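In what follows, a single structure is set out as structure tokens and then discussed.
The values are calculated or read from the model by the stated rules, or taken from the named source; none is laboratory data. This one's a predicted model, so the numbers in the text were calculated from it and none came from an experiment. Glycine gets a Cβ as well: all are built from the backbone with ideal geometry, and neighbour counts include every protein chain shown. Each accessible area value is taken on the protein alone, full model and side chains, heavy atoms only, with ligands, DNA and RNA left out. Shrake-Rupley method; radii C 1.70, N 1.55, O 1.52, S 1.80 Å.
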Amino acid sequence: MADNKKYASRNSKVPSLLQGLAACAGCGYGYVRRTAGLWVPLAIMALIGTLACNFQVLLPLLVRTVMHGGARTYGFLSSAMGLGSMVGGFVVASLGQVGVVPLIGAAVGFAATVAAAAAVSTVPAEAVVLTLVGVASTVFLAIGYTTLQLVSDPAFRGRVAALWSVAFLGSAPVGGPIIGVVSHHLGPRVGLALGAGACLAAAVLGLAALPGIPQAARSIRHGAGVIPWSDGKA
């Protein structure tokens, strides 16, 4: 360990003999990259987190420019979405099934609800739709995170969870300005439609990568436990 610290690539002035040619199989090098059951959910989350989870930007614009409301309307619609998130937790608890395939389905459901939020024009209808958006978002996030926890090797589970946090929280600073500019020039409806399109694109990405994902990671039923993966193959 002392030699590794002393001669690590960030400290070494001269490349080591096997640098770039050999790597330790137990240190997690390229683990997520070579495990389709992990990088696919992370890629889906990054895409959706960037363009479809910017309600803190979109909802005030929607209330002001489309609903012609104020703080009371904003609070009402935010509460409706929060209620949906709470209901979504109970929905996830009753599903009993996670995996890449359910995650793709959740992405499609998220796309449908966000698209509906872009289409309606009245406050009561928007409240109903945003409740469904809250349900769909919670179901999507819970399925994605649980899938990563069950698919990842216990030795790397913490690192995989950290990557999920980066994909979820780190994508917002990137997508927020993009959605803000789009919504400023084209309106919040277009911003929501862009988010719905991102969800559909993420679902297409998952479907395209599905043949390379082991069957054990495609659908995991309740009680199946952790998948004993070491090299990305079930």
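The residues listed here are A193, A203, A142; of these, the one that is open to solvent by less than 10 Å² (accessible area, probe 1.4 Å), under 20 Å from A111 (Cα atoms) and modelled with pLDDT of 90 or more is A203. Here T131 clears all of (1) open to solvent by 20 Å² or more (accessible area, probe 1.4 Å); (2) under 17 Å from the mean Cα position of the chain (by Cα) except the condition numbered (2).
Taken over region 81-104, the criterion of being under 22 Å from V40 (Cβ atoms) and either open to solvent by 60 Å² or more (accessible area, probe 1.4 Å) or among the polar types (S, T, N, Q) (or both) is satisfied by L95, Q97, V101.
Has region 180-189 got any residue that is within 21 Å of the chain's Cα centre (by Cα) and open to solvent by less than 50 Å² (accessible area, probe 1.4 Å)? Yes, that holds for at least one residue. Count of region 160-179 residues, restricted to those that are crowded, with 18+ Cβ neighbours inside 10 Å and more than 28 Å from G37 (Cα to Cα), is 1. Going residue by residue through region 105-117, is there one that turns out to be open to solvent by 30 Å² or more (accessible area, probe 1.4 Å), in contact with a Ser or Thr (Cβ under 6 Å, 6 or more places away or on another chain) and modelled with pLDDT of 95 or more? Within region 105-117, none of the residues are open to solvent by 30 Å² or more (accessible area, probe 1.4 Å), in contact with a Ser or Thr (Cβ under 6 Å, 6 or more places away or on another chain) and modelled with pLDDT of 95 or more. For region 80-99, taking the residues that are touching a strand residue (DSSP E or B) at 6+ places or on another chain (Cβ under 9 Å) and of a type in the set (V, I, T), the one that is modelled with the lowest pLDDT is identified as V92.
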